[in-house]
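Right, one structure below, let's go through it.
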Amino acid sequence: MPPFTYMAWPVRVLFGSGTVAELPQEIRRLGRQRALVLSTPQQQAAALRLVEQLGTLAAGHYAGATMHTPVAVTEDALALVSRIDADCIVSLGGGSTVGLGKALALRTDLPQIVIPTTYAGSEATSILGQTVDGRKTTLRDPKVLPEVILYDVDLTLTLPGPLTAVSGMNAIAHAVEALYAFDGNPVVSLLAEEGIRALARALPRLATTPHDREARSDALYGAWLCGSVLNAASMGLHHKLCHTLGGALDLPHAETHTVILPHAARFNAGAAPEAMARIARALGTADAAQGLLDLAIALGAPSSLAALGVREADLDRLAAFAAAVPYPNPRPISEPSIRALLGDAHRGAPLRPLADRNPARA
Ligand code: NAD
């Protein structure tokens, strides 16, 4: 066994069906009594039901959460936190709402209870991405790690089919990069492989029967594992590209991950054979990158950046952005190689043969 470092983070996790009923008790457990409930405009009705359930434990509600955590929205919500004298944050929703809660926690140190309704995994991380003037930057700070995660499978039953597919692929992307992270370890690898396995089992079932509770439960469990490894290991090329694209063009987050992932996995394949073997085993395929592409296609997910509205004319600029700051990745990165990858992803081209992605040809 090679030497490794593993950091365990203190998070209380409740997982099950109907778990949201525990929310008042969890707020009291934290010694709090004035919760601010956060949501997107689309999930306002669900958040208002929570407010009603909380009664006097709810101090207010903010339904302005939006993708990529724009700082202007955070400042707006921050003004409400002080106006209503909130003493804790309850985030109900996907990564956008969780991101807003984390941005508030960073600035106020208020405790967070998070009720995730997608598979993004943000609830399990001390990572926060924020966007100012089209530039998304990411920080890690223990202050933004939620204190409590309430996983309630029932609340994921309403996640629309197309979003279920891409959100699941987004979760798998965390596990893929954790498996080849320079700071990975045996515990991370176990969680990552099992996370991919649980999602690969659940997502095809959800594509045909979105209300299948057992599959929803598997998918949410897989999402937690994948979120946990996102927190425990450093992400590489794939996440860097998705953040660059998302911040610069305001692209839908999970869809972008879905399109880029097979190309990024194929890019790194020659330099990360053990990770690829684990990914392939979890997917039940012979070739990890092709297995990821086949899964996305089977789920009916978008398969090109062009389908997400990206113009080919933007690719040079994006490749330059993504290559500007160095970061760890199994295969060395260069601007031309990133540009080639983006070109493939833009066209939705078939994956290149493995030989073409030799690390020596970076
Ligand atoms: P999202 O939170 O933007 O949700 C997409 C849409 O689906 C929203 O309108 C939302 O209200 C709706 N929705 C969510 N759950 C629903 C449900 N169960 N039923 C009906 N509608 C539902 O999308 P996302 O992909 O979960 O999050 C993307 C954001 O999360 C990005 O900004 C990304 O950067 C961030 N993120 C951060 C981390 C991290 O660790 N910091 C990890 C992953 C994602």
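Criterion first (within 16 Å of the ligand (Cβ to nearest atom), among the aliphatic types (A, V, I, L, M), assigned to a helix (DSSP H, G or I) and at pLDDT 95 or above) does residue 215 satisfy it? Yes; evaluated as a whole, the condition is true for this residue. Might you let me know whether segment 184-197 holds any residue that is out of contact with any Cys (no Cβ under 6 Å at 6 or more places or on another chain), assigned by TED's automatic domain parsing to the domain that holds residue 329 and within 14 Å of the ligand (Cβ to nearest atom)? No, because not a single residue in segment 184-197 is out of contact with any Cys (no Cβ under 6 Å at 6 or more places or on another chain), assigned by TED's automatic domain parsing to the domain that holds residue 329 and within 14 Å of the ligand (Cβ to nearest atom).
Results for (1) basic (Lys, Arg); (2) more than 22 Å from residue 195 (Cα to Cα); (3) part of a helix (DSSP H, G or I), shown as yes or no for each residue.
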residue	(1), (2), (3)
275	no, no, yes
278	yes, no, yes
301	no, no, no
321	no, yes, yes
328	no, yes, no
332	no, yes, no
342	no, yes, yes
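Listed by first and then second residue, the pairs linking a residue in segment 30-48 that is under 12 Å from residue 91 (Cα atoms) and in contact (Cβ under 8 Å) with a residue 24 or more places away in the chain to a residue that is of a type in the set (Ser, Thr, Tyr) and more than 8 Å from the ligand (Cβ to nearest atom), with Cβ atoms under 6 Å apart and 6 or more places separating them unless they lie on different chains, are 38/62; 38/91. Residues that are hydrophobic (A, V, I, L, M, F, W, C) and within 15 Å of the ligand (Cβ to nearest atom) within segment 47-76 comprise 47, 48, 50, 63, 65, 67, 71, 72, 73, listed in sequence order.
Residues of segment 128-150 being modelled with pLDDT of 95 or more, surrounded by 15 or more Cβ atoms within 10 Å (Cβ to Cβ) and within 12 Å of the ligand (Cβ to nearest atom), which ones? Answer for segment 128-150, where residues must be modelled with pLDDT of 95 or more, surrounded by 15 or more Cβ atoms within 10 Å (Cβ to Cβ) and within 12 Å of the ligand (Cβ to nearest atom): 128, 144, 145, 146. Do we have residue 282 as in contact (Cβ under 8 Å) with a residue 60 or more places away in the chain, surrounded by 16 or more Cβ atoms within 10 Å (Cβ to Cβ) and closer than 15 Å to residue 179 by Cα here? Against the criterion (in contact (Cβ under 8 Å) with a residue 60 or more places away in the chain, surrounded by 16 or more Cβ atoms within 10 Å (Cβ to Cβ) and closer than 15 Å to residue 179 by Cα), residue 282 qualifies. Check segment 247-264 and report whether any residue there is of a type in the set (A, V, I, L, M, F, W, C), assigned to a helix (DSSP H, G or I), surrounded by 24 or more Cβ atoms within 10 Å (Cβ to Cβ) and touching a strand residue (DSSP E or B) at 6+ places or on another chain (Cβ under 8 Å). No; the residues of segment 247-264 include none that is of a type in the set (A, V, I, L, M, F, W, C), assigned to a helix (DSSP H, G or I), surrounded by 24 or more Cβ atoms within 10 Å (Cβ to Cβ) and touching a strand residue (DSSP E or B) at 6+ places or on another chain (Cβ under 8 Å). For residue 187, work out the one condition from (1) surrounded by fewer than 21 Cβ atoms within 10 Å (Cβ to Cβ); (2) free of Cβ contacts under 8 Å to residues at least 40 places away in the same chain it doesn't fulfil. Here residue 187 clears every test but (2).
Scanning segment 242-268 for residues that are among the hydrophobic types (A, V, I, L, M, F, W, C) and at pLDDT below 95 yields a total of 5.
Filtering segment 104-127 to residues that are crowded, with 24+ Cβ neighbours inside 10 Å, within 12 Å of the ligand (Cβ to nearest atom) and among the aliphatic types (A, V, I, L, M) leaves 114, 115, 120, 124.
The values are calculated or read from the model by the stated rules, or taken from the named source; none is laboratory data. Because the structure is predicted, anything quoted here is derived from the model rather than measured. Note that we place each Cβ from the backbone using ideal geometry, even for glycine, and neighbour counts take in every protein chain shown.
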